[in-house]
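Visitor: The structure's right below; bear with me while I get my questions together.
Bear in mind these aren't lab numbers, they're just calculated from the coordinates by the rules spelled out. The structure displayed is predicted, hence computed values, not measured ones. Ideal geometry is used to build each Cβ from the backbone, glycine not excepted, and the neighbour counts take in all protein chains shown.
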Amino acid sequence: MSEPRPYDDVPGTTVFDERMARKGYHLNQFCMSLMKPENRERFKADNRAYLDEWKMSEDQKQAVIDRDYNKMLSLGGNIYFLAKIFSSDGLSFQYAASTMTGVSEEAYLKMMLAGGRSPDGNRYKSEWEKN
Amino acid sequence: MARITAGVATSHVPAIGRAIDTDQTQADYWKPMFDGFEFSRKWEESEKPDVVFLVYNDHATAFSLDFIPTFAIGVAEDYAVADEGFGPRPVPAVEGHADLAWHIASSVIQQDFDLTVVNKMDVDHGLTVPLSLMFGQPEKWPCKVIPFAVNVVQYPVPSGRRCYNLGKAIRKAIDSFSEDLNVQIWGTGGMSHQLQGPRAGLINQPWDKAFLSDMVDNVARLVSIPPEDYIREAGSEGIELVMWLIMRGALDDQVTELHRHYHVPASNTAIGHLILKNGNNS
Ligand SMILES: [Fe+2]
């Protein structure tokens, strides 16, 4: 068992420490492979076949196929590695962020133009549990 | 002798690179952000630095999870521009300064900081976006660059205080290089942003603005901010700001602020920018 960390009580946030890195090594290394154009092509042609070449869990593979980024984060994915997936799909960081927050890209863009998500009410898990 | 004449802080966002490369800088969305760098490009034209010591982080580009250097210094003659998943940015390759880089590596390691020495790495938006912001779109970058990559991806990341003290060691190293060189040090990344999870989109303007001010004359407060405060207050990716403290550590205690710019948003990120002249005589 690992000791609690001072950032464990930040809501809606996964800190990529060794607990996550150990789960996510193969998932993240798969993402890294998408930096090569020929790998991107093979992945795009058949997600499942390409993923089966990697020592990833079935949950991780399914989360990639579903493009479920929150799920990938919970299974050890790091956002800078996961970025290779949405970049391969031709999608932006802003689009990916909107899917993780559960709002449309349009609503997300509007929030950002209005100054972003305020830290008020978003610092501690206890603040989220109240609502 | 080589001397550090100025420090530059600036955010580095992939979407900024895309806006430059696709001619969007005058679009309504981007114009106010780019306007804040107009002063900086003119200033660089008159400063003509020989070398930029560029502190940035690699975003899972040159370094995978196979090995994770906390601090890595590039000692190569040149660096290719990375393909981050959508083809390399159409910008010039980066020319290194191997003599100075090796001198800094030797000196800083002997001052008890363990640097990873890198002979070959591709550089990503963390390094090329600041070059574009400060130098525009030249055929060839106007100076040599020493890339200095800091791990802010895999926790634990180096503390702000360690980064600041490392900056002091880098300063000592550059001051003792015999060639007459005008060197700038840049700290990049930040300001507040969170790219992941249900809290993505977090921006903390008062916190960022206080950070900008304290970079000038109250760095003692900044060096004692623990990592969890960056995460909580400035978003999970706000931790990149520790890299600004390497730059600040390499400058005199007293600096003269030449320029400041702050803009929200660029994609998911709050953009912060400072130019600090070394010393307090303007
Ligand atoms: Fe970054």
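Visitor: Using the structure shown, decide if B:Gln196 is in contact (Cβ under 8 Å) with a residue 60 or more places away in the chain and at the interface with another protein chain (Cβ under 7 Å from one of its Cβ atoms).
Guide: Details: in contact (Cβ under 8 Å) with a residue 60 or more places away in the chain: no; at the interface with another protein chain (Cβ under 7 Å from one of its Cβ atoms): yes.
For B:Gln196, the condition - in contact (Cβ under 8 Å) with a residue 60 or more places away in the chain and at the interface with another protein chain (Cβ under 7 Å from one of its Cβ atoms) - is not met.
Visitor: Search the stretch B:10-36 for residues being more than 11 Å from every other protein chain (Cβ to nearest Cβ), within 16 Å of the ligand (Cβ to nearest atom) and part of a loop (DSSP other than H, G, I, E, B), and hand back the single one that is surrounded by the fewest Cβ atoms within 10 Å (Cβ to Cβ).
Guide: Filtering first and then ranking leaves B:Ser11.
Visitor: Moving on. Would you confirm, using the coordinates I've provided, whether A:Gln29 is facing chain B (nearest Cβ under 8 Å), out of contact with any helix residue (DSSP H, G or I) (no Cβ under 7 Å at 6 or more places or on another chain), touching a residue at least 12 places away in the same chain (Cβ under 8 Å) and not in a loop (DSSP other than H, G, I, E, B)?
Guide: Numbers: facing chain B (nearest Cβ under 8 Å): yes; out of contact with any helix residue (DSSP H, G or I) (no Cβ under 7 Å at 6 or more places or on another chain): yes; touching a residue at least 12 places away in the same chain (Cβ under 8 Å): yes; not in a loop (DSSP other than H, G, I, E, B): yes.
When the stated conditions are applied, A:Gln29 passes them.
Visitor: Could I ask something else about it? Can you find a residue that is more than 16 Å from the ligand (Cβ to nearest atom) and under 14 Å from B:Met247 (Cβ atoms) anywhere in the stretch B:188-210?
Guide: no
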